[in-house]
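Working notes, structure below.
The values are calculated or read from the model by the stated rules, or taken from the named source; none is laboratory data. Keep in mind that this is a model prediction, so the values were computed, not measured. Don't worry about glycine lacking a Cβ; one is built from the backbone with ideal geometry, like all the others, and counts go over all protein chains shown.
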Amino acid sequence: MRTPLVIGNWKMNGTLASARALASDVAAALPQLAGVEMAVCPPFVHVPAVAAALSGSALALGAQNLCEFEPGAYTGEVAAEMLLELGVRWVLVGHSERRALFGDSNERVLAKLRRAVACGLTPVLCVGETLAERQAGHTETVVDAQLDAVLNASDAEALLPALVVAYEPVWAIGTGETASPEQAQDVHRYIRARLAARAPTLAAQMRLLYGGSVKASNAQALFAMPDIDGGLIGGAALKAEEFIAIGLAARARLAA
């Protein structure tokens, strides 16, 4: 059984006070979530405060992005080494908003993955299609291209064991629309099959997350699917009670 993993992506939300309070509230609930790995990814400016709030807690700290370069003259960027100093363990790479709004190409995503792995961070590789791509029947083509950037890399054997993959249908992010459990499972099964073609043992062990308007009300049905090992949670992660309920839904997977 792969250990369930639930990561909250706070995006560009919250104040310093609300970030501290949210992190503390979730951390206090962890005894209810034994067996589930939980993490939160606050905005960069709130990472130090959240790190302090999580001190002594098993709630892991993540970041929403990183620079693909070593520390240097890159105004406005944040280096992997800086994140590590603050206690960050996880980092999102290739989130759909980074791809669509900030030009993160598959090549740049690969460079960020390499940087994260080289520095000891665990990257969460985000893949997924837009509504137009789904309607055109191109889901697998889009996901293939995003995965192939890593699978076909010269150093793929070093990168693949270090990462988690999150499938996030772009059409279901922040829209209130959610892929049905069966739709989500179809893509997760496809991703695992693609990975298995390269490394069967690794594919069986790798955790695949679903990210697309996951809520307490639909989490258990999604997490009951055999290839969905947890979630990358957006808006619902901004409410401690909702995020904890999603963690409990992931815990129910252990008893299934």
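Within segment 198-214, residues that are within 25 Å of Asn9 (Cβ to Cβ) have Cβ atoms under 6 Å from residues that are among the acidic types (Asp, Glu) and in a loop (DSSP other than H, G, I, E, B) in these pairs: Arg207/Asp229; Leu208/Asp227; Leu208/Asp229; Gly211/Glu168; Gly212/Glu168, counting only partners at least 6 apart in sequence or on another chain. Residues in segment 215-256 that are without any contact (Cβ under 8 Å) to a residue 12 or more places away in the chain and touching a Pro at 6+ places or on another chain (Cβ under 8 Å): how many? Summing the residues that are without any contact (Cβ under 8 Å) to a residue 12 or more places away in the chain and touching a Pro at 6+ places or on another chain (Cβ under 8 Å) in segment 215-256 gives 0.
Counting only residues that are more than 22 Å from Val93 (Cα to Cα) and crowded, with 18+ Cβ neighbours inside 10 Å, segment 221-239 holds 3 of them.
Considering Pro181, Pro161, Pro169, Pro200, the condition of being surrounded by fewer than 23 Cβ atoms within 10 Å (Cβ to Cβ) and out of contact with any Leu (no Cβ under 7 Å at 6 or more places or on another chain) is satisfied by Pro200 alone. A single entry from His95, His138 fulfils the requirement of being modelled with pLDDT under 95, within 24 Å of Ala184 (Cα to Cα) and either of a type in the set (A, V, I, L, M) or surrounded by 15 or more Cβ atoms within 10 Å (Cβ to Cβ) (or both): His138.
Being surrounded by 18 or more Cβ atoms within 10 Å (Cβ to Cβ) and charged (D, E, K, R): is that true of Arg89 here?
no
In summary, Ala179 fulfils each of the numbered conditions (1) within 26 Å of Asn13 (Cα to Cα); (2) in contact (Cβ under 8 Å) with a residue 40 or more places away in the chain; (3) small (Gly, Ala, Ser) with the single exception of condition (2). Is there a residue being in a loop (DSSP other than H, G, I, E, B) and under 24 Å from Val91 (Cα atoms) anywhere in segment 132-142? No; the residues of segment 132-142 include none that is in a loop (DSSP other than H, G, I, E, B) and under 24 Å from Val91 (Cα atoms).
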